[in-house]
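As structure tokens, the structure follows; a few thoughts come after it.
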Amino acid sequence: MKLNLDLACASKPEWIAAVMQDFDAFLQDHADCERKASAMAMSFVAKYPDRLAIIPELIDTAVEELEHFRQVYALMRKRGVTLPKQMREDPYAKALVKRCKSSREERFLDRLLVASVMETRGAERFKMVSEAQDDPEMHRFYKILWASEAKHGHIFVKMALHYFDEKRVYDRLAWWIAEEAKVLNNLSIRAALH
Ligand SMILES: [Fe+2]
Ligand SMILES: [Fe+2]
């Protein structure tokens, strides 16, 4: 059973057009997002070492994201693309994190739900990237990533349900889904994951 909620809006065709127009720039940003997703999963472990029930899944998620980073980096090198000296900050992640509540328990819930929503958006966008590829290898690669991020979108809600009751989790997740659509629609379109 899928635990995460569907997104409130689909990504625009203009977004995938921008990505396909400068795929090397997209790859640089994509690699960075995978690296940050791995670090984010491990930051839960560092911040909440007492939440024993979710630590194994957080570690697994961090390892999977790091593996995605390794794969995207290998793809970049094959195309002669390097990691940029400095990545632009991610206005999408920044806007979402800014909306998280500040007390310890509420923040814990919000950070888990933000992670779920970001993963669900990542899955939606990797599906679009997969479908836009002519090369069967690239099509397959992004299809695998799409499935993996969709699974992560589900896992973070599962973690939230371990510590908070269902109504609270889903009321708040519905709020986040609506907020995420607002944040996304305020972003300028570029060859990046967000
Ligand atoms: Fe990933
Ligand atoms: Fe992920």
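At a glance:
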quantity	calculated
Residue under evaluation Tyr142, criteria (1) open to solvent by 50 Å² or more (accessible area, probe 1.4 Å); (2) more than 20 Å from Glu180 (Cα to Cα), criterion not met	(1)
Residue list for the range 120-137, restricted to those being without any contact (Cβ under 8 Å) to a residue 40 or more places away in the chain and within 16 Å of ligand 1 (Cβ to nearest atom)	Ala123, Phe126, Lys127, Ser130
Of all residues making up the range 1-20, the number that are farther than 20 Å from Leu184 by Cα and out of contact with any His (no Cβ under 7 Å at 6 or more places or on another chain)	1
Within the range 133-173, tally of residues that are over 18 Å from His68 (Cβ atoms) and under 17 Å from the mean Cα position of the chain (by Cα)	5
Residue that is nearest to ligand 1 (Cβ to nearest atom) [pool: residues in the range 45-82 that are under 15 Å from the mean Cα position of the chain (by Cα) and closer than 25 Å to Ser102 by Cβ]	Thr61
Number of positions in the range 90-137 that are over 20 Å from His30 (Cβ atoms) and acidic (Asp, Glu)	3
The range 51-73, residues that are without any contact (Cβ under 8 Å) to a residue 12 or more places away in the chain and closer than 21 Å to Ser130 by Cβ	Glu67, Arg70
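Residue by residue, here is whether (1) open to solvent by 50 Å² or more (accessible area, probe 1.4 Å); (2) charged (D, E, K, R); (3) within 15 Å of ligand 2 (Cβ to nearest atom); (4) without any contact (Cβ under 8 Å) to a residue 60 or more places away in the chain holds:
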residue	(1), (2), (3), (4)
Met1	yes, no, no, yes
Ala10	yes, no, no, no
Gln21	yes, no, no, no
Cys33	no, no, yes, no
Met40	no, no, yes, no
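Conditions (1) within 16 Å of ligand 2 (Cβ to nearest atom); (2) crowded, with 19+ Cβ neighbours inside 10 Å, marked per residue:
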position: Leu27; (1), (2): no, yes
position: Gln71; (1), (2): yes, no
position: Lys78; (1), (2): no, no
position: Cys100; (1), (2): no, no
position: Arg104; (1), (2): no, no
position: Leu113; (1), (2): yes, yes
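The values are calculated or read from the model by the stated rules, or taken from the named source; none is laboratory data. Every value quoted in this text rests on a predicted model; they were computed, and no experiment measured them. Cβ sites come from the backbone with ideal geometry, for glycine too, and all protein chains shown count toward neighbours. With ligands, DNA and RNA removed, areas are computed over all heavy atoms of the protein, side chains included. Shrake-Rupley method; radii C 1.70, N 1.55, O 1.52, S 1.80 Å.
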